[in-house]
Structure formats: C-alpha cells, structure tokens
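Engineer: Below: one structure in structure tokens.
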Amino acid sequence: MRMRRIAPIATAVAGALVLTACSGGGDGGGDNGGGEGGDGALDSLTIMAPYFAEVPPESDDPVGTALSELAGVPLEVQWVPNTSYGDRINTVLAGDDIPDVMVITGKDQGFVSTALAGGFWELTEYLQSGDYPNLVSENPDVELASGVNGQIFGVYRARDVIRSSVIIRQDWLDNLGLELPETTEDLAEIARAFTEDDPDGNGADDTYGMIAPQWPGGIGTSSPYDTIEVWYGSGNVWRDEGGELVPAFTTPEWREALEYERELVQSGYVNPDYATMDPATWNEPFLNGQGGIILDVQSRAAQLADLFEQQEEGSAATKVALAGQLEGPNGTFALPTTGYAGFLAIPRSSVENEEQLEQVLQILNDLNTTEAQNLMNHGIEGDNYTVEDGFAVFNPERQEFTDQVTGAWAQLGMNVAGYNAHPIQPRTEFLGELGELRLQLQEEDAANAVFNPAAGLVSDTYTTNGTQLDNIIGDARIQYLAGQIDEAGLDAAVELWRTSGGDQVTTEINELYSQLG
Amino acid sequence: MTSATADVGAVDDGPLLRPEPPPNRRNLLGNLVRYRWLFLLLAPGVLYFALFRFWPMYGAQIAFRNYIPFLGIEGSEWVGWEHFQSFFSNPDFPRILGNTLILAALGLFIAFPLTIVLAMLLNEVRLQVLKRTVQTLVYIPHFLSWTVVVSLTGLLFAVGNGPLWTTLNDLLGSDTNFLADPDWFRPLILLQSIWKSTGWGTIIFLAALASVDQEQYEAAIIDGAGRWQRVWHVTLPAIRSTIVVMLILQTGNILDTGFEQIYLMSNALNRSVADVFDTYVYFTGIRQGAYSYSTAVGLAKAIVGLILIFGTNALAKRLKQPGIF
C-alpha cells in the first residue's frame, strides 16, 4: 500500500525537476555556472580554449596552478579538442553556460552577430589605453585585422607572419643533381624529375613530386593551392585594383596559377589521392619516400626533421631541405598569415560589468608576462625543463608532460606585446640551423608579403553565406585540377558565386573598404 | 462525440435535466484512480514526448527570427519567412533536395527490398544451426559505428594499395579514385548502408515470417505449389501488412539520410552529389553559427518528410492496405 502512494509522487517530482532544469534554457543566459556572484569581483575565471595534445591537462595541473597564482584567481580552463572547437563555440554561444573568456577561432556568423549585438565586450579603447601594458599590440595592423570593421573584440593570439614554405627531400635533390627551387618553374621541374627520374634510385617508378592532402575549407585557407596562386600574383583573397577590391579568383593571375596546378596534377606529379588524403597523414609519404615536396608551414620542416632523426640519428640534414617563397612568372610575392590565430574574447553574459571586465583584462595582462609565457610554452622550470645559457632544455623523461604543455597551455598564449620566453635549445645541430634558416626566410619573405586588404572587414552577406560561397570556388578549383570541369565550368562556378551572393559581398566589402580601409 | 455534445446542451437547459453520462466518461479523476497503473505506465512515454519532442518546438520559432543567443529567443528580431525565402531561392536548394531524395530513393527501392529478400532467404534455411549463425553474422555490422565503416571503406578503396581499388580497377580496366569520383559516391553510400543495416533490418520480417500459419504451406504443398509459388502466394501475402507498415515508417525517416555516413564520405570532388539536408544544416548551423537559417532549413526538411509520409500512407490505403493512421 505504501508503495502505491509513493510511486506516482516520485514520478511527478522527477518530472517537475526535469522541467525546471529545462526552463532555464529559454532566457538567453543571464548567469553562468562559474560560481561567481552577479555584481562583485570574479572569484574564478573560466576560459574555453582548444587543445592539440592527446589529453587535456587535469584540473590540478601544475602549470594551471602556477598560472592561477599569477592571475590571482583560480583559472578553470574548459579544454575542447581543436578539431571540434569551431562547432563548440557555436553550441556554447547558444547555451547558458558561457565562460568568462573564450578563444574565438573564426569570425563566423555565430560570433559576429553576437558581438555586434553586444554579446562581447568591445575592447578597442581598453587595449589601446596602455592600462594593460602587456595587451598593447606591437603590431596594430594585426590587431585591426583581428577585429570586426574596426572594432576589436578580443586579444589576438600572435603568430609568425611568414610561415609558408617549400619543404623538399634533400637526398632526392642530391641524387638528381638538382638545386633548391627559386621559381615556380623550378618547382614544376623538380616535381617532374621526382616523378619520372627515379629520385630514390631503386629502379622502380614508385615516386611522385608534390604531396597535397584533402584541404578542408574553400579558398584563402593557406592551402598549397592558395600558396601557388599568391606566388603567381593573384593577391591574397582580395586584391586592391586602384582602390577597388576584387576577389583574387577573378584575376587572370589566378587562372594562370590554376593552369600550372592542373598541369602538375594531370601529369601525375601530385599524389593521386590529393582530393581525399587525410591531412593528418601528410608527413607519411615524405617519410616513406613516396613523395618529395610539401608546401606548408615552416614548422613542418622541423617536425619532419624530428621524425627522420627518430628513424636514424643524424639523417635529417640529408633528408629535409627548406625554401621560402618562390618567384612567379609575374613577380615575387609571398603568402603571409593573418598574423594571428583567433583571439580571446570576453562575453558580456558572464562578465557583467565594467569592474569585472577590468579585472579580467588585468588577469589577461598578467597571463602575458614573461613568467606566464615561460609557463605556457615550456612548463615548470626544474621539472620538465631547465634553463642553460638562456636556453630552455627539456627533460626527455618528462616528454609527455612537455607535450601536454605545448599542446594545450600554449594555446592560451597571446604574446601581443612581444614574446620573451626562453628560446628552446635545439635538440640537434641541424634543427638549430633550420631554426636560423626559418628566421632568415621570414625576413626575406616579409618584404614581399601580400596581405589580405580586407582582413579586418566583415560583410553581412559573407557572414551568412561565406562558407558556401568559398566552397563553390574551392570545389570548382579541385574539380578543375581533376579535369572534371574545363574553363567554361570554372566560369560557371564564378558566375554561380556571383549570383549566390558573391556580388553582394564584393559591394559590401568595397563599401567598408572605402570607409575604413 | 455525439453524446458529449448532447451533454453540454443538457447542462444549458438546467442541471435537473442532466442525463446520466455514459459510464466510461464518468469523470477524469475517477478514471485516473481506477486505471492508475495504466496511466503510470503511460507517464514515461508522455513525459518523453513532452520534454524531447514538444518542448523543443518552442525553440523552433528561431527559424522566423534573426536569432542571436545573447539577446534570447524573445529578444531576437522577428523576420517572418525571410530565412525560408532565402533558402528556397538559394541555388543550393534544388541540389540538396535532389541529392537527399535520390539517396533516399536508393535506400527505399534497393536497400529496403533487400532486407525482405534476406529475411525470406533466412526463413527458408532449414538447418537451424546454419540459420542462427548466419543471422548473428549479418547483425554484426549494425553495431559498428559509421566512423569505422567509413574508415574500412577508405582502406579498401585507398588509391594505390586498397584491395578493392585494385580489383575493381582491374575488372573495369580503369584508374578511378572511387572515393573522390562523384559517379561512385551514391553506389558506395548504398553499398555501405546495405552492408551495415540489411541484416539488422531482417529482425522484424523474420518475426512476421515466423507467425505465418504453417497449415497454409501444407495446404499449398498438397495443391502442388512449388517453392517459388509458396513464396509468392503464401509468404508474401502473409507479411504484406508488415511490409507496408515498415515502408511507411521508412518513408518517415527517408530524409534522415544518415549525417555521419555522408559527412564522412564527402570531399571537395564529390560534394556536388554529397550535400544533403543534414550536412547542410550542420555546416550552416553548427559550423557557421547561422542558427536561424539552419533551423529554417531543418523545418523545411521536416515538411518534405511529412508530405512523404502522408503520401505513402494515402497510397497504401488506396491499394487497400492498412496504413499507420
């Protein structure tokens, strides 16, 4: 008899609980679960950030503890795997539990519309005021590029401006008596020779020139194709022609570059699975001696050198060669990055008043001190690394921890006012040389860097349709290279781009450009 | 219904004239008490639908607004049909609808009948050990995730060394990258679906087949019916209603073309045939944060699905088959 009474009541209570839990979902997120009160100072800081490491740091991670001490409040980082980070931003923005600081990796519609509606603090004046010396950008152009039409919504994460490079199998060059390429023509010849002239000398026709993986995203994403097109002088996403911006892919130079790329693909000088190869396996054909050319960031050369060293000590120097921008038929142009990789933005729904905002900015300022930079990028001195002659030397026995630091905590680094952490002691002489070569190439290429003139501009139509628009051209490009469509098909794709909203994007960008550019 | 109307009229005339209500609708409370265990049994189902099916519909209104989470649902600007208009006038729309319908039709007309064929084949197996072994084996793929299935496909069709890539290209005398060729996208998707779900789909038909009256077979044998005739004149008519119901249910899911499978199998070269409603909603909604637009697309998909269900149901009725409603 007793059971009879209790069961329905229990059901009703459980139902009511679920209902209350749900009804919180409707009100746009006034409070957060971070544990701080509505008005007073924050007693902890939640940060959402991506990580690349195998596993994210635990909550009692020593680096986290040390950073919390620097910040003066406990830091709670919500680590999200980098591969799904973009998805997570948009889901978190639509939910209730919004962190105090979010690393924003792209100016897509979810972020831009929220920011323009006042969902993120506009930081332009705060950052430029000088109240937070470590947040004053040493490169105002990059800061502007990270913003939305002149408004800065976050502290950007600084990156090298020149990263794109050509990585080549040194031993194959030596076997065939070839030099490092200086022009795009040289590169095509090397790709041909690597395919047809048996660079590994095994007598079998088992090699190809360039290794290109499937590239997620459309155009202007620093893919090998984008790199070649910039070398040809197509401009970087947009090109300024007498004060008017035109899309790079409408220029004759872009077509010329595509012709060159198509020639490489059609002649079999590129891996046959260029449209489907998993980018995570990009290094493998290079290591296994299937392909000999990679167009990617300079740091991949160091990565490859490391992998060769693991196979055979001292072999890297004879296997990996690095070159910078190549001269194209229309001049010398280098592809720069945007100079930043996302930014740390402060949502208004969790940081509710100016007092709290100033506190958060102060914390971010503290997280940009040299001490914090050392923590984020190297780890704990005396634990996983020591300092010798001013260089950081890692303890090989703590490699796992080091990987986690560099694969997670380093993602919080902004370094907008300069990076002063200890330089890393190169593990081998060759890696040291490679590092110096990188600096030298960066300096040379920077003089020829072609920046995207519209980097800091955000057009409404692009925000809503950008991905599809970029995909129209990106897909058409691959289809053209594959021989699925011809010039007319390419024209049709550009026409489709125009009518699907591309023309509107061009108009809007030009309006913004004349106002702000 | 008529008695209820009479009831209301009677109340208006005055309480004294009120006739005795029919016993089964005496009063709600009485019924609640009387059938409390049945109601309790019903509660979780009702709760599930209320919470997970009806409550979210409140949020579906963002399809008619420029939804910005920071402003909340109520605070976001009302724009009416704008997002629907921009989707229907978008060149993506006919392509996505076409791709979705073609994939759905392939599933319906090829994969679905195969399930029935396999179920009948299994039913004909007389050796119980063999039957059970085969049954277990064909169920296994169902438990693999799409990620695993797609990875397997990737390995089998890898350019240069995939065993199926080599065999097929030798047979066809071609040099195709099956994973990237738009002409091969649909066959691959269909093959994967068949491999993964045909076995599992047989369960319900096997149950229906088991309930077929054995005497009918005996009678048919006495009448001199061969194996094929027995299948055609006894087995198929006996499970006809199951087939029709399954077909209608299948049509309801027709537009759920399987997000994971298609997303994982698509790339720049086959996207023209690979874009379907589900992947489109993911790209625009989750990737780009176009919450309102993608919700509108999702709703449009639901409407197409609804039309298909009603269509199939009406068709079933016209063919003198019991529909599902």
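Engineer: Is there a residue being crowded, with 23+ Cβ neighbours inside 10 Å and charged (D, E, K, R) anywhere in the stretch A:476-488?
Structural biologist: Yes, because at least one residue in the stretch A:476-488 is crowded, with 23+ Cβ neighbours inside 10 Å and charged (D, E, K, R).
Engineer: Let me ask you something else. Please determine whether any residue of the stretch A:138-147 is more than 30 Å from residue A:232 (Cα to Cα) and in contact (Cβ under 8 Å) with a residue 60 or more places away in the chain. Give the derivation first.
Structural biologist: Step one: filter the stretch A:138-147 for residues more than 30 Å from residue A:232 (Cα to Cα), giving A:138.
Then drop every residue that is not in contact (Cβ under 8 Å) with a residue 60 or more places away in the chain, which leaves A:138.
Yes, that holds for at least one residue.
Engineer: Go through the stretch A:83-105 and give me each residue that's touching a residue at least 40 places away in the same chain (Cβ under 8 Å) and either in contact with a His (Cβ under 6 Å, 6 or more places away or on another chain) or open to solvent by 30 Å² or more (accessible area, probe 1.4 Å) (or both).
Structural biologist: A:88, A:96, A:97, A:105 - these are the residues of the stretch A:83-105 that are touching a residue at least 40 places away in the same chain (Cβ under 8 Å) and either in contact with a His (Cβ under 6 Å, 6 or more places away or on another chain) or open to solvent by 30 Å² or more (accessible area, probe 1.4 Å) (or both).
Engineer: If I go through the stretch A:235-252 residue by residue, how many of them are open to solvent by less than 40 Å² (accessible area, probe 1.4 Å) and over 18 Å from residue A:336 (Cα atoms)?
Structural biologist: Residues that pass the stated criteria total 3.
This table checks each residue for (1) in contact with a helix residue (DSSP H, G or I) (Cβ under 9 Å, 6 or more places away or on another chain); (2) of a type in the set (S, T, N, Q); (3) at pLDDT 95 or above.
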position: A:444; (1), (2), (3): no, no, no
position: A:461; (1), (2), (3): yes, yes, no
position: A:468; (1), (2), (3): yes, yes, no
position: A:496; (1), (2), (3): yes, no, no
position: A:503; (1), (2), (3): yes, no, yes
position: A:509; (1), (2), (3): yes, no, yes
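Engineer: Would you confirm whether or not the stretch B:197-206 contains a residue that is farther than 28 Å from residue B:100 by Cβ, out of contact with any strand residue (DSSP E or B) (no Cβ under 6 Å at 6 or more places or on another chain), open to solvent by less than 70 Å² (accessible area, probe 1.4 Å) and away from every other protein chain (no Cβ under 14 Å)?
Structural biologist: Yes.
Engineer: Any chance you could count how many residues in the stretch A:260-283 are open to solvent by 40 Å² or more (accessible area, probe 1.4 Å), at pLDDT 95 or above and within 12 Å of another protein chain (Cβ to nearest Cβ)?
Structural biologist: The number of residues fulfilling the criteria is 0.
Engineer: Further question: List pairs: first in the stretch A:121-136 and in the same structural domain as residue A:353 (by TED's automatic domain parsing) and among the β-branched types (Val, Ile, Thr), second surrounded by 20 or more Cβ atoms within 10 Å (Cβ to Cβ) and at pLDDT 95 or above, Cβ under 6 Å, 6+ apart or cross-chain?
Structural biologist: Listed by first residue and then by second, the contacts come to A:124/A:152.
Engineer: Do any residues in the stretch A:462-481 that are at the interface with chain B (Cβ under 7 Å from one of its Cβ atoms) have Cβ atoms under 7 Å from those of residues that are among the small types (Gly, Ala, Ser) and open to solvent by 30 Å² or more (accessible area, probe 1.4 Å), where the two are at least six apart or on different chains, and which pairs are they?
Structural biologist: Note: pairs meeting the criteria are A:474/A:217.
Residue-wise test of (1) in a helix (DSSP H, G or I); (2) open to solvent by 60 Å² or more (accessible area, probe 1.4 Å).
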{"residue": "B:195", "(1), (2)": "yes, yes"}
{"residue": "B:209", "(1), (2)": "yes, no"}
{"residue": "B:225", "(1), (2)": "no, no"}
{"residue": "B:235", "(1), (2)": "yes, no"}
{"residue": "B:243", "(1), (2)": "yes, no"}
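Engineer: Sticking with this structure for a sec: I want to confirm something. Restricting to the stretch B:211-223 and keeping residues that are part of a helix (DSSP H, G or I) and among the charged types (D, E, K, R), which single residue is surrounded by the fewest Cβ atoms within 10 Å (Cβ to Cβ)?
Structural biologist: Selected residue: B:215.
Engineer: Moving to a separate point now. For residue B:155, are the conditions met, namely being within 14 Å of chain A (Cβ to nearest Cβ) and exposed (fewer than 15 other Cβ atoms within 10 Å of the Cβ)?
Structural biologist: So residue B:155 fits the description; yes.
Engineer: Identify, please: which residue in the stretch A:92-109 is at the interface with chain B (Cβ under 7 Å from one of its Cβ atoms) and over 17 Å from residue A:151 (Cα atoms) and is, among those, modelled with the lowest pLDDT?
Structural biologist: It comes out as A:94.
The values are calculated or read from the model by the stated rules, or taken from the named source; none is laboratory data. Note that the structure is predicted; figures quoted are calculated from it, not measured. Cβ: placed from backbone, ideal geometry, glycine included. Neighbour counts: every protein chain shown. Heavy atoms of the whole protein, side chains included, go into the accessibility calculation; ligands, DNA and RNA do not. Shrake-Rupley method; radii C 1.70, N 1.55, O 1.52, S 1.80 Å.
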